[in-house]
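The structure appears below as structure tokens.
The values are calculated or read from the model by the stated rules, or taken from the named source; none is laboratory data. Quick caveat, the model's predicted, so the values are computed rather than measured. Every residue, glycine as well, gets a Cβ built from its backbone with ideal geometry; the counts of neighbours run over all protein chains shown. Side chains are part of the model used for accessible areas, which takes the heavy atoms of the whole protein and leaves out ligands, DNA and RNA. Shrake-Rupley method; radii C 1.70, N 1.55, O 1.52, S 1.80 Å.
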Amino acid sequence: MHPPAYNCFVDRDKMDSAIPDLGPKELSCTELQELKQLARQGYWARSYALRGQVYQRLIRDIPCRTVTPDASVYRDIVGKIVGKHSSASLPLPEFVDNTQVPSYCLNSKGEGAVRKILLCISNQFPDVSFCPALPAVVALLLHYSADEAECFEKACRILACNDSSRKLVDQSFLAFESSCMTFGDLVNKYCQAAHKLMVAVSEDVLQVYADWQRWLFGELPLSYFARVFDVFLVEGYKVLYRVALAILKFFHKVRAGQPLESDNVKQDIRAFVRDIAKTVSPEKLLEKAFAIRLFSRKEIQLLQMANEKALKQKGITVKQKRQFVHLAVHADNFHSEIVGVKEMRDIWSWVPERFALCQPLLLFSSLQHGYSLTRFYFQCEGREPTVLLIKTTQKEFPGPPCFPGGPDPQPDQPSSLGELCGNAGCVAPTCQQTGVRETSLGASWASSGLESASCLGCSPRSSATSGWSSNTQS
């Protein structure tokens, strides 16, 4: 068997070690369902030549806008943009947000070529303002391209996809940040054990989840990232969420009960992903990713839309320092006989991320407002979404039922009822519409031996003092 004919950008020794080539294969299927199965099984993963052919075919079939830069454009502009500068000294475009170019199995010439391609992409796509995933995508594609121009054309087609139902990579800070929030929501729902660990060991769990794309685009070894990218090109963006959730599940399985290696859980997860070969194979990682049940593209799209809307309402459309959870629950202005500041911060980490952008605002306290259901309804009416905290005379925190009440949520909006119920024993959130009408609350209230209760809503205001008032007890 002849050795694979790598291009001039690949370090042969590194490539042979990372992804041993088992020789050429042929791919004749045209049906999407069959292609999905072959991608998940890694049919072309061990053939350098076939993977290059498959990438060329799949990317060629991406529906793109009419004017999309191709290889000839790259040849025309690269000399003008690069000039006489050395490839290794070229600056990276601003949209990569200081993300380093992963070398994978590229030689020094290949690493310089990635910088050239990124600069040319920046020249042709002025609308791309934030895309830290692109260096890893370009670096991977360069392994399987004949030359720089072909790699440039492939990357441009990925960016120029005009199919609204087929999201590929985030190209703005708004899209990137809403993706991070969506991932946090999915972790909350599908990886509750891992989420509890993150809440326990991190000061701000939202900042941990904001790192999720870096796990895939940069930290994963080439043999793993290439397998993920194989499936991603066939099935789309949801694959990235699935794999990131699987990584978090394996991290929890390995590290639960063990002391963290550093004070920074973000760094621990990155180190775990870099050395993931010690824990799990690419096949097992994908198997775990696709074993997650009831996980749909529709759910992701609805969460993404809701999170983008929340960010726009808060005015967060360009990069800025994100509010930490411990600032949302301000210790100086928080007084409660039901929960402490630490418990309230933990509770706030469980709510959907678009609501965690706001601050908790006390709406009702039994010590302040009494035990009248009419007063309870009056205080909470129209202040959705809300969280109800109850403490019994036995010092217990029952998980009372959720009461949808009011108009039904819109069918195209994710329901906070489904997102929140059962995540914390002492939390009973309502649905999006909080006009509670169920009189059965009275029976539940009485039978629980109620000592005190409080109801919180999300404050739309941004100042730290708009949450709990300093003279209020709950």
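Quick look at the values:
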item	result
Matching residues, the stretch 269-294, being surrounded by fewer than 18 Cβ atoms within 10 Å (Cβ to Cβ), touching a helix residue (DSSP H, G or I) at 6+ places or on another chain (Cβ under 7 Å) and farther than 16 Å from Gly42 by Cβ	Arg270, Arg274, Thr279, Ile292
Cβ-Cβ under 7 Å pairs, at least 6 apart or on other chains, the stretch 165-180 side closer than 16 Å to Gln207 by Cα and in a helix (DSSP H, G or I), far side open to solvent by 20 Å² or more (accessible area, probe 1.4 Å) and of a type in the set (A, V, I, L, M)	Phe173/Val318; Glu177/Ile316; Cys180/Ala210
Listing of helices (runs of 4 or more DSSP H) fully contained in the stretch 202-290 that carry 3 or more residues being closer than 16 Å to Gly184 by Cα and of a type outside the set (Phe, Trp, Tyr)	205-209, 238-255, 265-274
Identity of the residue in the stretch 79-132, among the hydroxyl-bearing types (Ser, Thr, Tyr), under 29 Å from the mean Cα position of the chain (by Cα) and part of a loop (DSSP other than H, G, I, E, B), that ends up modelled with the lowest pLDDT	Thr99
Options Ser129, Ser122, Ser103; residue that is within 26 Å of Tyr6 (Cα to Cα) and among the polar types (S, T, N, Q)	Ser103
Only one of Gly83, Gly79 that is at positive phi and either of a type in the set (A, V, I, L, M, F, W, C) or free of Cβ contacts under 8 Å to residues at least 24 places away in the same chain (or both)	Gly83
Single residue of Leu216, Leu222 found to be closer than 16 Å to Asp170 by Cβ, in contact with a Leu (Cβ under 9 Å, 6 or more places away or on another chain), crowded, with 19+ Cβ neighbours inside 10 Å and of a type in the set (A, V, I, L, M)	Leu216
Thr66 being hydroxyl-bearing (Ser, Thr, Tyr) and over 19 Å from Val169 (Cβ atoms)	yes
